[in-house]
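Trainee: Please read through the structure below; I'll follow up with questions.
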Amino acid sequence: MTEPAAASTVPPPESRPEIRLERFTEDWSVLADPARRTRPFDGGKYIALSPGDPATYISLGLDLRERWELVAAPNFGTGGNRQDSYLLHRLQAHADIHLDANWRIFVQGEDVRAPGKRDLTTVDANPLDLRLAFLEYTARFGASVLQARAGRQDFEFDLQRFLSSRDGPNVRQSFDAVWAALDAAPWRVAGFVSRPVQYSFAGELDDHSNRRFRFSLLRVERDVAGPGLLSGFYALYERDTARFLDGAGDERRHILDGHISGTAAGFDWDGEAMGQAGHVGPSTIRAWALGARFGYTLGTVAWTPRLGVQADAATGDRRAGDRVLGTFNPLFPNGYYFNLAGFTGYANLLHLKPSVTVSPAPGLVVALAGGLQWRMTTADGVYVQSGEGIPGTAGRGGSWTGLYVQLRGDYRFTANLTGAVEAVHFQVGNALRAAGGHDAAYLGTELKVSW
């Protein structure tokens, strides 16, 4: 009879939390057990505040992202065909302070700069400022969980087509808000009232929010066997002195959104529909958008290829001066839903994008895609990712915006270090050539360290 194997004194590695994009969603309380602190600097991930109470601790963290970009013909050369290359630097540090099992404070500061960039905008630089700072309360009632937060925080849902923390650009989007959510599986209800943070790169600690820009939302979601996740929300977007190509004034936009996603037998799918109504000044809003992604992964084939297709549509304004504004407002998009180049945005758009993704080595993912784009209406312009229309495109040229090829590689060196390379070439169509646009290209390389 053999002796039973001795139990390991080291906890299994799967009990360790993964580093996430939203750092406040990580739970490092597992490191209350000293035997689990097996990696360098684990002492800073769990600092006990009260001996004998593992729920009372501080967890520190850091993110450093360095991205170099080369852009040929920004805005398709309509503002002068110039090539620009620059560094995007982003450093973020946070402290997650758990006062007890119910209360915590989360604070994150950042220093964001863009050395060498010719035309700085508020999404490029934000030197030494407060990114997140909120107080959170959590209560458990059997299997249900109630959470509430007040302060500067992030929001993102689903694929982040229209509501995200905007990780693609250098400066991420935050909201000064009051938020609450009740999780009672399979149901989850969440809502918030907020003032989106407005950014400035003139100096330190100069970001702000005010009553001239407000965004509120109520969302319900449910896990469903078969389809996966079903969700929907109502939102109110309020912005004073808004300006569109065919309308200006105070914007009051009522929004209804429905979403479905899931996976089964190698297939994956994600679909979203959004309708918008209200007014901008004297003009009535009538706008909508659809987005869908479908894929199939060949799990038994070498490199586990995923074959995918993406389709998107968003309305534009059909007739100037008719006091009906059809231009879709993409709200707070993530900045990499189409690609990192950001040549075009989610307004007045028809978009079709087939793709293939492979994993030729552990930790390495390579994707090749091609996108075809048209305008929904030639009366409205072609829009870039920032939401601005390209001058001279409204009412000129045809529907064909152009096509692009995208090649991207992502590699995970370690649990704390990742890298990426992306190249995009955009061949313009007559919608842009009529406004003096030229073919454009993008190359970006990125390294990110997280602790």
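Every number in this text was worked out from the coordinates using simple rules, so none of it is lab data. The model shown is predicted, which means the values in this text are computed figures rather than measured ones. Note: ideal-geometry Cβ built from the backbone for every residue, glycine included; neighbour counts use all protein chains shown.
Trainee: Taking only C-alpha pairs under 8 Å that are 6+ residues apart, what is the relative contact order of the chain in percent?
Mentor: Computed over the chain, the figure is 11 percent.
Trainee: Also, I was wondering about something else. Which of the three applies to segment 121-199, rounded, prolate or oblate, going by the alpha-carbon gyration tensor with a ≥ b ≥ c and a/c under 1.5 meaning rounded?
Mentor: It is prolate, given that a/c is not under 1.5 and a/b is the larger ratio.
Trainee: Looking at the square roots a ≥ b ≥ c of the eigenvalues of the Cα gyration tensor of the chain, which shape do they give, rounded for a/c under 1.5, prolate if a/b is larger than b/c, or oblate?
Mentor: Verdict is prolate for the chain.
Trainee: Compute the signed sum of charges (Lys and Arg +1, Asp and Glu -1) over the other residues within less than 14 Å, Cβ to Cβ, of residue 404.
Mentor: Taking every Cβ under 14 Å from that of residue 404, the sum is -1.
Trainee: Follow-up. Residue separation times 0.36 nm, minus the C-alpha to C-alpha distance between residue 368 and residue 83: what's the value?
Mentor: So the extension gain works out to 100.2 nm.
Trainee: Still on this structure: Based only on other Cβ atoms within 10 Å, what is the fewest-to-most ordering of 223, 312, 167?
Mentor: 223, 167, 312
Trainee: Full extension from residue 277 to residue 193: what is 0.36 nm times the residue separation minus their Cα-Cα distance, to one decimal in nm?
Mentor: This chain segment gains 28.3 nm when fully extended.
Trainee: Once phi is turned into θ = phi - 60°, what whole-Hz ³J(HN,Hα) does the Karplus curve with 6.51, -1.76 and 1.60 give for every residue of segment 435-451, x standing for Gly and Pro?
Mentor: 9, x, x, 10, 4, 10, 9, 9, 9, x, 10, 9, 10, 9, 10, 10, 9
Trainee: In terms of modelled amide H atoms, which long-range or inter-chain residues lie less than 5 Å from the amide H of residue 344?
Mentor: Distant-sequence amide H within range of residue 344: 385.
Trainee: With charges only on Cβ, +1 for K and R and -1 for D and E, what is the dipole size of the chain about its Cα centre, in debye, rounded to 20?
Mentor: Once rounded to the nearest 20, the dipole reads 860 debye.
Trainee: Can you tell me which lysines have their Cα less than 21 Å from the Cα of residue 117? Leave out same-chain residues fewer than eight positions away.
Mentor: Straight-line reach from residue 117, under 21 Å: 448.
Trainee: While we're here: Relative contact order for segment 315-397 using alpha-carbon pairs under 8 Å, separation at least 6, rounded to a whole percent?
Mentor: Reported as a whole number, the value is 32 percent.
Trainee: Go ahead and run the numbers for FRET between residue 204 and residue 265, Cβ-Cβ distance against an R0 of 56 Å, rounding to 0.05.
Mentor: 0.60
Trainee: Using θ = phi - 60° and the Karplus form 6.51 cos²θ - 1.76 cosθ + 1.60, what ³J(HN,Hα) does each residue of segment 44-58 get, whole Hz, x for Gly and Pro?
Mentor: x, 7, 8, 10, 5, 9, 9, x, x, 10, x, 7, 10, 6, 10
Trainee: From the helices alone, meaning DSSP H stretches of at least four residues, give me the mean residue ellipticity at 222 nm for the chain, per-run term -39500 (n - 2.57), in deg cm²/dmol to the nearest 500.
Mentor: That comes out to 0 deg cm²/dmol.
Trainee: Provide 251, 22 in ascending order of the number of other Cβ atoms located within 10 Å of each residue's Cβ, fewest first.
Mentor: Lowest count first: 22, 251.
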